[in-house]
């Protein structure tokens, strides 16, 4: 998976993948990291913009999978309930 090496992901990343699995980015780029490299992938039944940061903090995501973007080093953006 080229995205793994291009972005510089490690095998212990926790990837938040809000995209539908039938979408190439959601199914291959996001979930593929878990299947091929053993990364943890966090899926949500239906994407919620209002719960995005809460989900990422709850599951300690280090990477966010977005359309056309993979955002590494996500831990610095944790939002806790005190921040809301």
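What follows draws every value from the coordinates through simple rules; no lab data is involved. In this text the structure is predicted, and so the values were computed from the model without any measurement. Every residue, glycine as well, gets a Cβ built from its backbone with ideal geometry; the counts of neighbours run over all protein chains shown.
Sorting 10, 64 from the fewest to the most surrounding beta carbons within 10 angstrom yields 10, 64. As a rough footprinting exposure proxy, the listed residues 9, 21 were ranked by other beta carbons within 10 Å of their own, and the order from fewest upward is 21, 9.
Of 12, 55, 17, the sequence from fewest to most neighbouring Cβ atoms within 10 angstrom is 12, 55, 17.
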